[in-house]
Amino acid sequence: MQIDLNDDQVALLVDILHRTHGDVEHTRGEAEELIAKPGYATVNLLQLECRLEELIKTIKDQSGHAWVHNDDTQRMEPRYKPSLSDIPAGGL
């Protein structure tokens, strides 16, 4: 399956996934502190956290951008990753 998204849609998707991952990670940590024995809920949260990490990594790797968290806008944003051919012969 292939899905075509424009740059703004990919940026929104990465931002939503990043926020959701943070929420799941926090909720799992809270649940582990409150529940003496890990069970169905904490295992599912851990599995979801791992799946989100994998999906975020895949999208970041395939996007061709370096992704950073912009503290001013509180969003994940792409930064252009220059290739070696973009660097002048004399260096930067």
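Structure above, values below:
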quantity	calculated
Residue under evaluation LYS37, criteria (1) of a type in the set (Lys, Arg); (2) at pLDDT 85 or above; (3) part of a loop (DSSP other than H, G, I, E, B), criterion not met	(2)
Selected residue (only one of GLN74, GLN9, GLN2 is within 15 Å of the chain's Cα centre (by Cα), at pLDDT below 90 and among the polar types (S, T, N, Q))	GLN74
Residues being in a helix (DSSP H, G or I), loosely packed, with under 12 Cβ neighbours inside 10 Å and of a type in the set (Val, Ile, Thr) - total across the range 40-84	2
Index of the failed condition, THR27 passing every other in (1) at pLDDT 95 or above; (2) surrounded by 12 or more Cβ atoms within 10 Å (Cβ to Cβ)	(1)
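The values are calculated or read from the model by the stated rules, or taken from the named source; none is laboratory data. Keep in mind that this is a model prediction, so the values were computed, not measured. Every residue, glycine as well, gets a Cβ built from its backbone with ideal geometry; the counts of neighbours run over all protein chains shown.
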